[in-house]
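The next block holds one structure in the form of structure tokens; read it before the comments.
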Amino acid sequence: AHTRRMIKRLARLLFLIAVTGCQPSNTPPDPEVQALTARLAGAASPGPGAATAGDSELWGQTRDFYQRRQHQPVWIIDGKARRSVATLTTLLAAAGDDGLDPGQYHNDSLRAQIQALKESTDSAAATELELALTGTLLRYSSDLALGRPVIARQIDADWTVSPRAPDVVGSVLAAVADNQLAALPARLAPPHPEYARLKAMLQRYRKIAAEGKLQPLPPDMALNAGQASPGLAVLRDNLRILGDLADQPAGSDNVFAEDLATRDAEFRARNAAPPEMAADTAAIAVIDTYDAGLADAVRRFESRHGLNPDGLPDPAMIAAMNVSAQARADQLALHLERWRWLPADFGTPHIFVNVASFSLQVRGANATVPLKMRVIVGKDTNRTPIFSDSMTTLVFSPYWNIPQSIEVKEMLPLISKDSNYLNKKDIE
């Protein structure tokens, strides 16, 4: 009987504990959580680093970010900036490494607000700074992952934008939770090896531009047998700086050191010089200041710039070399942006056409290239469009019906000059 009474008392006690646990808590939410919840219910702030008025997409991302965190703050806790804020500002300062404009992320203004917070007890300012830091990080992450397609057609009206679709907010949340902010660019940037090579080359050309050692070549360099040109010393120095001259010591800062042998083999197999060109090169080689190594370096430079790799510094090669290193860096930054407009996965296998180099590759699994060839591309007036799509049909030896636009714009002027033009070109 005593045991039964004890069991009943224990059961009543457990019941009371359970009921008590179901009662609503009287503990108020964290003030910082309350402040963020209330602020996010309002409109976007036009302050530095935050979403601008009308930038509803970024403000929506910011709301989504904090909703997934139950409105817990990330950067400002108890009115003080956490250590991760320093990592964030460092990340924003390095945005230029991917060809982005660091000035778009208000880093100086954010640093000033962070410094001001140390001497302030303004909780509203702390909330605004919290949101500004997150908004800026999300904007940077979106620009890095997706590019800025709104400017795509301003740069190239014929560009068919095929944006990638990563979960930017989810990637940022994961980086924050794992304390891996520094790894965020690798998670979000295009995964293609071409992007990585362009990024490395951008840093190289910015370094060359900062050093200011490239010198312009004279436009009338003479390269006749037995006659040296005063511009050859400048040519040799420029080729060394650019990394095309292969006579650099091991371990030197040569971007092309890894693939010089492969690149040279491709030149020689694909661009075997005709007899008359070989004779010219042999004649030039007798000049002490223009040896075979320098000619090879010129070929390498010409090939990289889509020129005929004849090994001679002709006007086209000189014009390409006289483009400033800063202008090349600007081009590289633009092409990094264009890669962000392309899909993350082209499929396996896929056909890759490099319009600028007039070349086509079929790429298989494990980076294999079972087929490559030269291709014809459109001129500036009738440019080949840039796009990515699935190929469903391949026609061999097609009967080509000339489009009316080409008939009118390109062929009629030629026919008017030569009535036998169609017969000469074997056109029906």
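The values are calculated or read from the model by the stated rules, or taken from the named source; none is laboratory data. These numbers were taken from a predicted model, which means no experiment stands behind them. All Cβ positions, even for glycine, are placed from backbone atoms using ideal geometry, and neighbour counts span all protein chains on display. The protein model used for the area step is the full one, side chains on, heavy atoms only, and it has no ligands, DNA or RNA in it. Shrake-Rupley method; radii C 1.70, N 1.55, O 1.52, S 1.80 Å.
What is the extension gain from Q215 to A124, computed as 0.36 nm multiplied by their sequence separation minus the C-alpha to C-alpha distance, in nm to one decimal?
Gain in length upon complete extension: 27.3 nm.
Residue by residue through segment 343-355, which ³J(HN,Hα) values in whole Hz follow from phi under the Karplus form 6.51 cos²θ - 1.76 cosθ + 1.60 (θ = phi - 60°), with glycine and proline marked x?
My calculation for segment 343-355 gives x, 6, 9, 8, x, 10, x, 9, 9, 10, 10, 9, 4 Hz in order.
Which FRET efficiency value, to the nearest 0.05, do you get for L307 and V33 by plugging their Cβ-Cβ distance into 1/(1 + (r/R0)^6) with R0 = 60 Å?
0.45
Any lysines with Cα under 22 Å of the K80 Cα? List them, leaving off those in the same chain fewer than 8 positions away.
Excluding near neighbours in sequence, the set is K118.
Just by accessible area at a 1.4 angstrom probe, what is the order of D296, D244 from largest to smallest?
D296, D244
Heavy atoms of the protein only, probe of 1.4 Å, neighbouring chains included. What is the accessible area of T392 in Å², nearest 10?
We get 130 Å² for T392.
Lysines near K425 by alpha-carbon distance under 27 Å, same-chain residues fewer than 8 away left out - which ones?
K379, K409, K417
Around I77, which amide H atoms from residues at least 5 apart in sequence, or from another chain, sit under 5 Å from its own amide H, with H modelled in the peptide plane?
Long-range HN contacts for I77: R82.
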